[in-house]
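To start, the structure under review is shown below, and the notes come after it.
The values are calculated or read from the model by the stated rules, or taken from the named source; none is laboratory data. Since this is a predicted model, take the numbers as computed values, not measurements. Here the Cβ positions follow ideal geometry from the backbone for every residue, glycine too, while neighbour counts run over all protein chains shown.
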Amino acid sequence: MTWSQFIQAFSHVHHVVHEGVAAAVAAAPAVHKTIHDGVVTAAPVVHKTIHDGVISAAPTVGAVAATITKASPIITTVLPCSAPVMGPVAAAAGAVVAVSEVVKAASNNQGK
């Protein structure tokens, strides 16, 4: 390949890339609007799905966490070596119980 052929090939590649970038820049507002509209349209549905899932799961999650909280002293008595783990687990379970109670209370007052 001669220097002239290389320059000509490079010029052609540069032109193609430049046109591609220009087309992408021109399309960017439409792509942005499509993504934006999709997010705005989907957001309420996604929010409701997550909201309903949290509300329906709260009693079960709270009950499991309450069981862990109640079982923690028994577990640490039977297995003293578990105390370093069960302390934080019981504390986290207690926090989960508290949050689930707030969620349940909020869902009970939702229609009022």
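Quick one: in segment 5-62, which of the residues that are hydrophobic (A, V, I, L, M, F, W, C) and in contact (Cβ under 8 Å) with a residue 40 or more places away in the chain is surrounded by the most Cβ atoms within 10 Å (Cβ to Cβ)? Can you show your working first?
Taking segment 5-62 first, the residues hydrophobic (A, V, I, L, M, F, W, C) are 6-7, 9-10, 13, 16-17, 21-28, 30-31, 35, 39-40, 42-43, 45-46, 50, 54-55, 57-58, 61.
Next, from what is left, pick out any that are in contact (Cβ under 8 Å) with a residue 40 or more places away in the chain: 54-55, 58.
Values: 54: 15, 55: 15, 58: 20.
Once the filter is applied, the top-ranked residue is 58.
Kindly indicate whether any position in segment 15-28 is at pLDDT below 85 and among the charged types (D, E, K, R).
Checked segment 15-28: no residue is at pLDDT below 85 and among the charged types (D, E, K, R).
Give me the pairs, please: first residue somewhere in segment 79-94 and in contact (Cβ under 8 Å) with a residue 24 or more places away in the chain, second residue anywhere and part of a helix (DSSP H, G or I), beta-carbon distance under 7 Å, and either six or more positions apart or on two chains.
From residues that are in contact (Cβ under 8 Å) with a residue 24 or more places away in the chain, the pairs are 93/65; 93/68; 93/69; 94/69.
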